[in-house]
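To keep things clear, I will list the structure first and then write my remarks on it.
The values are calculated or read from the model by the stated rules, or taken from the named source; none is laboratory data. Remember, it's a predicted structure, so these values are computed and weren't measured experimentally. Cβ placement follows ideal geometry from the backbone for every residue including glycine, while neighbour counts extend to all protein chains displayed.
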């Protein structure tokens, strides 16, 4: 073997050994106790290392500026000092797992959070934590492809709702996913703005303003979530291309679903049960498809207003709402697709040929409804002979019916809906 070849082999061996040492160092696991200075330990850790926190309380705030895994044994707590965010993540690929995180500041303008993730921290994973008593739970500010999964996030119950932050707040966080979290006592459970390609799935929400709140966010999915006892379940606003699938709203005070300038979206197999004012409120929302949903036990099943156009309604069930539909307009809206209409619990029709389609079209609103909506004081005349004659005339002469919703092929039975629970959900 020549001297030059021997030297080359020795050099290659040294380089390989150096790479191995570097890799081993990056993958080291350092165990910390509650006497450790966590910020100092993080600053001294090699990129790619894991810091494992034993049970105990560690003082925040902590800034993670290199890829690390920060995980805790049961009972490991990182507690802030009541100012700013408790953990700030700046490095890509960071993992925060198994910790209790509390003690952020209370500045909405300062965006104080239990975990604040900056734009540079792409691909962050936040899972299996108890994030409690912070202003914002998790704040993703420009951090793409982040995952927030299987956390319990509780906000500040002692603050007024307008003073609270959101459970998970996303701003321009394309591709981020929020999955299987329990979120309570914030302003909104999940708030997203100026983003795209997000997925919010299998989360549970209670004691909030909105469970999920969309603003200026496109091409995203909301699926298999449960909202119980909030002001509004799912608010889709100024967004397009949203898929809302198999979500449940139960006992939400105002609306199960709220659509405001939300367009080109698909709303399928959802359920609003025992709601308050309106199961669904649609304001200037166009070209959406509503199929296979159940709207049950609300003051109004669906309220259409402000020029909402070209929406498809088929295969839905309207059950036991005080008013099935509220629509004050002169045009007919035909809610039938390919010969399939919707189920209406108050339709009086028969099905003589047994094809599952009622023999008569269904109109949820009559002339009396329009009068009452325009002149609420007319309720005093509901039992008057004049209105009774008007009702009979309307039934005998359909030509005098006002414009509005007409279902030309109403269903005789409600379709099954996957989002309907077998028993009532408990928000706790």
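Looking across region 314-342, the residues that are in a strand (DSSP E or B) and either within 20 Å of residue 251 (Cβ to Cβ) or under 24 Å from the mean Cα position of the chain (by Cα) (or both) come down to 314, 317, 318, 319, 323, 324.
The test for being more than 22 Å from residue 47 (Cα to Cα) and modelled with pLDDT of 95 or more holds for residue 141.
Quick one: which strands (runs of 3 or more DSSP E) lie wholly within region 80-169 and hold at least 3 residues that are under 20 Å from the mean Cα position of the chain (by Cα) and either assigned by TED's automatic domain parsing to the domain that holds residue 187 or surrounded by fewer than 17 Cβ atoms within 10 Å (Cβ to Cβ) (or both)? Reasoning before the result, please.
On the way: elements: 87-89, 95-97, 100-102, 113-117, 125-127, 130-132, 136-141, 147-149, 152-154.
Output list reads 113-117, 125-127, 130-132, 136-141, 147-149, 152-154.
When residue 239 is tested against the conditions (1) within 21 Å of residue 100 (Cα to Cα); (2) assigned by TED's automatic domain parsing to the domain that holds residue 308, the lone failure is (1).
Pick from 394, 347, 388: which is farther than 30 Å from residue 153 by Cα, at pLDDT below 75 and crowded, with 16+ Cβ neighbours inside 10 Å? Break it down into steps so the answer makes sense when it comes.
Numbers: 347 fails: at pLDDT below 75; 388 fails: crowded, with 16+ Cβ neighbours inside 10 Å.
Answer to the selection: 394.
Scanning region 301-313 turns up no residue that is assigned to a loop (DSSP other than H, G, I, E, B), in contact (Cβ under 8 Å) with a residue 60 or more places away in the chain and assigned by TED's automatic domain parsing to the domain that holds residue 411.
The condition (being under 15 Å from residue 321 (Cβ atoms) and modelled with pLDDT under 95) is satisfied by just one residue among 276, 301: 276.
Could you grab me the full set of residues in region 229-241 that are buried (at least 24 other Cβ atoms within 10 Å of the Cβ) and more than 11 Å from the chain's Cα centre (by Cα)? Scanning region 229-241 gives 230, 239. Being modelled with pLDDT under 80, assigned by TED's automatic domain parsing to the domain that holds residue 168 and under 37 Å from the mean Cα position of the chain (by Cα) holds for only one residue in 34, 65, and it is 34. The number of residues in region 269-295 that are free of Cβ contacts under 8 Å to residues at least 60 places away in the same chain and buried (at least 21 other Cβ atoms within 10 Å of the Cβ) comes to 11.
Could you pull out the residue among 209, 219, 204 that is more than 20 Å from residue 137 (Cα to Cα) and surrounded by fewer than 24 Cβ atoms within 10 Å (Cβ to Cβ)?
Numbers: 209 fails: more than 20 Å from residue 137 (Cα to Cα); 204 fails: more than 20 Å from residue 137 (Cα to Cα).
Of the residues listed, the single one that is more than 20 Å from residue 137 (Cα to Cα) and surrounded by fewer than 24 Cβ atoms within 10 Å (Cβ to Cβ) is 219.
The residue list 187, 197 contains one member that is under 24 Å from residue 111 (Cβ atoms) and buried (at least 24 other Cβ atoms within 10 Å of the Cβ), which is 187.
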